[in-house]
1. Quick one: which of Val84, Val27, Val23, Val104 is farther than 30 Å from Gly197 by Cβ and in contact with a Pro (Cβ under 7 Å, 6 or more places away or on another chain)?
2. Output the residue which, of all residues in the range 41-53 that are at pLDDT 90 or above, in a strand (DSSP E or B) and out of contact with any Leu (no Cβ under 6 Å at 6 or more places or on another chain), is surrounded by the fewest Cβ atoms within 10 Å (Cβ to Cβ).
3. Restricting attention to the range 83-113, report how many residues are polar (S, T, N, Q), within 11 Å of the chain's Cα centre (by Cα) and either at pLDDT below 95 or farther than 20 Å from Thr236 by Cβ (or both).
4. Any residue in the range 186-199 that is at pLDDT 95 or above and over 20 Å from Val109 (Cα atoms)?
5. Among all residue pairs at least 6 apart or on different chains, which show Cβ distances below 9 Å where the first residue, located in the range 50-67, is in contact (Cβ under 8 Å) with a residue 12 or more places away in the chain and the second is in a strand (DSSP E or B) and of a type in the set (Ser, Thr, Tyr)?
6. Which residues, taken from the range 141-161, are among the hydrophobic types (A, V, I, L, M, F, W, C), within 18 Å of Ser103 (Cβ to Cβ) and touching a residue at least 60 places away in the same chain (Cβ under 8 Å)?
7. Please go through the range 14-29 and give me each residue that is part of a loop (DSSP other than H, G, I, E, B) and closer than 20 Å to Asn143 by Cα, ordered by number.
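The values are calculated or read from the model by the stated rules, or taken from the named source; none is laboratory data. Remember, it's a predicted structure, so these values are computed and weren't measured experimentally. Here Cβ is always computed from backbone atoms with ideal geometry, including for glycine, and neighbour counts include all displayed protein chains.
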Amino acid sequence: MHAPFFHPETLPQAGEYALPDDVVRHVQVLRMRADDEMRLFDGSGGEVRAILRDLGKRHARVELGERLAISRESPLTLCLAQGVSTGERMDFTLQKGVELGISVFQPLVTERAVLRLGGERAGRKTERWRDIVQAACEQCGRNTIPEVLPSMSLDAFLQQSLEASHRLLLSPVGNRRLADYAPPQGKVWLMAGPEGGLSDGEEQAAFTRGWTPLALGPRVLRTETAALAAAAALQTVWGDLG
């Protein structure tokens, strides 16, 4: 059984450490006991062995032990620009994207996006998405937390200069498959639309800015499936799956 994996906001170098309230709740739910082992990570890479020494109804203290230089990051730096989807679809994409090794998430507001973000609502959504990504790291054992960038319009995103070996746009009209692309020498950006996909005008704007189409097969994939299927394929061919 793997030791439970938690991300406190701050993590001292050594000694005893009082766990923050949210981690204490997780420890209690798992029915952990004194002398049980856990792993703690601060999100920047590596992790620390910790032994539970004191547990009460509202507090828990651990003894910090060995620091472990463990990396579970893929050799492929994969970034996802995802059209914002509704309901739990976006949450699902973020959670499973973490498991599949995506390093950066860029939420995009597109023409067909049902969910409109702006002002304080956009900020609250970004914080919620970051919480989802952190929880997914705790679940899958990643000790480097992927970045969730503030949402922006597709037009603004396309104006940016992105350093990448490939900028791949998932497109039902694309005629290029993954085998048609050379192995990357740097990061790879992947773009997927929301429900209904990108409009024809949005796709053409992306192609004009240097994005190239990537087809995933003859079947139509839902928005919460497309990016994850592509990420799995990219990690299998160029990353650490398979």
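1. Val23
2. Out of the qualifying residues, it is Arg53.
3. Of the residues in the range 83-113, 1 are polar (S, T, N, Q), within 11 Å of the chain's Cα centre (by Cα) and either at pLDDT below 95 or farther than 20 Å from Thr236 by Cβ (or both).
4. For the range 186-199, residues at pLDDT 95 or above and over 20 Å from Val109 (Cα atoms): present.
5. The qualifying pairs are Ala50/Tyr17; Arg61/Tyr17; Val62/Tyr17; Glu63/Tyr17; Leu64/Tyr17.
6. Within the range 141-161, Ile145, Phe157 meet the criteria.
7. Across the range 14-29, the qualifying residues are Ala14, Leu19, Pro20.
Okay, residues lined up against (1) of a type in the set (Lys, Arg); (2) farther than 21 Å from Glu147 by Cα:
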| residue | (1), (2) |
| --- | --- |
| Phe5 | no, no |
| Val29 | no, yes |
| Ile51 | no, yes |
| Ala60 | no, yes |
| Ile70 | no, no |
| Arg89 | yes, no |
